[in-house]
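This report concerns only the one structure given below.
The values are calculated or read from the model by the stated rules, or taken from the named source; none is laboratory data. For clarity, every value in this text was computed on a predicted model and none was experimentally measured. Ideal geometry is used to build each Cβ from the backbone, glycine not excepted, and the neighbour counts take in all protein chains shown. Heads up: the accessible areas ignore ligands, DNA and RNA and are worked out on the full protein's heavy atoms, side chains in. Shrake-Rupley method; radii C 1.70, N 1.55, O 1.52, S 1.80 Å.
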Amino acid sequence: TNKTSGSVYGFARDDKFNADDAIAGRVLPYSNQQIGVALGGPIVQDKMHYFISYEYEREPTTIIASPSALPGQNFSFPSKLTQNSFLGRVDRQASEKDHLSIRGSYWDWKNPFTFAGGNDHPSAAGDRSRKAINATGNWSRVINSNTSSQFKVGYSHFDWKNETAVPSLLSTPNLAFPGINIGSPRNWPQNFIQNTFSARYDLTWHKGKHDMKIGGE
């Protein structure tokens, strides 16, 4: 809108405020914090406007591993899940008939130490991350009182990475014994990347009781 406005928010959970778990009979460790901010307003009154937002999440935990094949042995490691999310958008009323909009977003997810448990030794833990980037552009035009058109372009990126949480073990072979696996996962590191480009055009015509739409993507 033509008025600058925004918001700031926070959300937190902590085990200090939790009651005993009904099954475990004790307070289970937990911690989570989220903060965010959003802001929007005019760049040029009645002509161009912006909107931006950001959110961060942090969830520290302690991973405890007790492989059944190693009775009496417990392993504990710190693990911290984090997420970042950005969004930005600009709208411009180029003329009475033309409206332009551009939007971009970014998101990442990372956990430097994740552990499946079960029959794995903690040396098989993984460092996992995810990332997404998206951008879109839109041009809408009123051709006349019965006809309008819209042209859109877009880009989307996503990558997924699984790596060993202990770099010194990257070259260590995976050793499989009855009831336990030791060493770096045999199918890691993994790196999946996807990029998608898109374009679309729509032409809409209205006459009396009829609407006709044609376009391509």
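Select from the stretch 18-52 the residues that are assigned to a strand (DSSP E or B) and of a type in the set (A, V, I, L, M) and list them in ascending order.
I35, V37, A38, L39, I43, V44, M48, I52
Quick check on the stretch 88-117: of everything there that is open to solvent by less than 60 Å² (accessible area, probe 1.4 Å) and not in a strand (DSSP E or B), which residue is modelled with the lowest pLDDT?
Only one residue fits best here, namely G117.
Kindly provide the set of residues from the stretch 1-17 that are open to solvent by 70 Å² or more (accessible area, probe 1.4 Å) and assigned to a loop (DSSP other than H, G, I, E, B), ordered by number.
T1, K3, T4, listed by residue number.
For the stretch 59-70, enumerate the residues that are surrounded by fewer than 15 Cβ atoms within 10 Å (Cβ to Cβ) and in a strand (DSSP E or B).
Hits for the stretch 59-70 are P60, T62, I64.
Name the pairs whose Cβ atoms lie under 7 Å apart, with the first residue in the stretch 189-207 and free of Cβ contacts under 8 Å to residues at least 40 places away in the same chain and under 30 Å from R130 (Cα atoms), the second of a type outside the set (G, A, S) and open to solvent by 90 Å² or more (accessible area, probe 1.4 Å), and 6 or more positions between them or separate chains?
F192/W160
For the stretch 56-69, does any single residue satisfy the condition of being modelled with pLDDT of 95 or more and closer than 17 Å to G6 by Cβ?
yes
Table: residues versus (1) closer than 27 Å to W107 by Cβ; (2) open to solvent by 40 Å² or more (accessible area, probe 1.4 Å); (3) modelled with pLDDT of 70 or more; (4) not in a strand (DSSP E or B).
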residue: E163; (1), (2), (3), (4): yes, yes, yes, no
residue: S168; (1), (2), (3), (4): no, yes, no, yes
residue: A176; (1), (2), (3), (4): no, yes, yes, no
residue: A199; (1), (2), (3), (4): yes, yes, yes, no
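Please indicate, with yes or no, whether at least one residue in the stretch 129-142 is exposed (fewer than 15 other Cβ atoms within 10 Å of the Cβ) and at pLDDT 90 or above.
Yes, the stretch 129-142 contains a residue that is exposed (fewer than 15 other Cβ atoms within 10 Å of the Cβ) and at pLDDT 90 or above.
Restricting the search to the stretch 118-128, which residues are assigned to a strand (DSSP E or B) and at pLDDT below 80?
D120, G126, D127
Which condition number in (1) at pLDDT 95 or above; (2) in contact with a Ser or Thr (Cβ under 9 Å, 6 or more places away or on another chain); (3) surrounded by 16 or more Cβ atoms within 10 Å (Cβ to Cβ); (4) of a type outside the set (A, V, I, L, M, F, W, C) is the one that Q194 fails?
It fails just one condition, (3).
Only residues that are open to solvent by less than 70 Å² (accessible area, probe 1.4 Å) and free of Cβ contacts under 8 Å to residues at least 12 places away in the same chain: list them for the stretch 23-43, please.
Correct list: A24, G25.
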